[in-house]
Amino acid sequence: MTVREDTPPAPPTDEPLKAEDWAAALMMAALCLITFANVLVRYFTDESFAWTEEISIFLMMAMAMAAGAAAYARDRHIRIEYFFAGGGAARQRRLAIFSALCVLMFFAGLAVLGARMTWDDYRFAETTSGMSWPKWPFTIWLPLLSLLIVARTAGLLKRSWSGRG
């Protein structure tokens with residue numbers, strides 16, 4: 001991630017973020033490797049690995065969620081800087097708290113709905129469309145990573161509430 005020169009450094013976090021950083025990097029590497037392998041196989045044999053699309057979609061979702069958790073913990077999430085930076089410290093603090101509460105509610109809801117979807121995938125023995133693999137081992141990561149984002153956002157909310165974020 002490139003940070004502009006006029007961007008202040010991220011505030012310190014209460015929790016280590018190396019797990020999310022490494023997970024996102026490893027998922028990106030795996031995504032690159034399987035996509036490259038698929039390109040080579042398709043070029044030399046006019047065939048395709050059918051499983052690469054299903055794995056790639058899963059890796060992109062999981063990578064985005066892991067990176068999102070780290071971004072929220074570092075207070076590097078997407079926001080409209082015009083409104084945030086346009087006011088004083090009290091306004092920035094209120095907006096940060098409001099933003100964190102909105103994200104908490106959204107990802108808590110996503111965790112609940114994702115858990116229900118995973119349970120349905122397991123209960124009804126849903127399979128992936130390409131390879132007919134069980135779907136629940138893929139969908140279970142949506143609620144788990146949503147809960148990770150909730151936890152990281154709760155840390156940001158705690159720091160914002162106390163005036164440290």
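The values are calculated or read from the model by the stated rules, or taken from the named source; none is laboratory data. As the structure is a prediction and not an experimental result, all values here were calculated from the model. All Cβ positions, even for glycine, are placed from backbone atoms using ideal geometry, and neighbour counts span all protein chains on display.
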Tell me, please, whether a residue that is without any contact (Cβ under 8 Å) to a residue 40 or more places away in the chain, under 25 Å from Glu20 (Cβ atoms) and not in a helix (DSSP H, G or I) can be found in region 79-101.
yes
Gly68 passes all but one of the listed conditions (1) more than 18 Å from the chain's Cα centre (by Cα); (2) within 27 Å of Phe107 (Cβ to Cβ); the exception is number (1)
Filter region 125-163 for residues that are over 15 Å from Ala64 (Cα atoms) and among the aromatic types (Phe, Trp, Tyr); which is modelled with the highest pLDDT?
Trp136
Cβ-Cβ distance below 7 Å, separation of 6 or more or different chains: which pairs start in region 27-49 with a residue that is under 16 Å from Met61 (Cα atoms) and end on one that is polar (S, T, N, Q) and part of a helix (DSSP H, G or I)?
Leu31/Ser56; Ile34/Thr52; Ile34/Ser56; Thr35/Thr52; Thr35/Ser56
Search result, residues across region 77-124 that are surrounded by 15 or more Cβ atoms within 10 Å (Cβ to Cβ), among the charged types (D, E, K, R) and either at pLDDT below 95 or touching a Gly at 6+ places or on another chain (Cβ under 7 Å) (or both)
Arg93
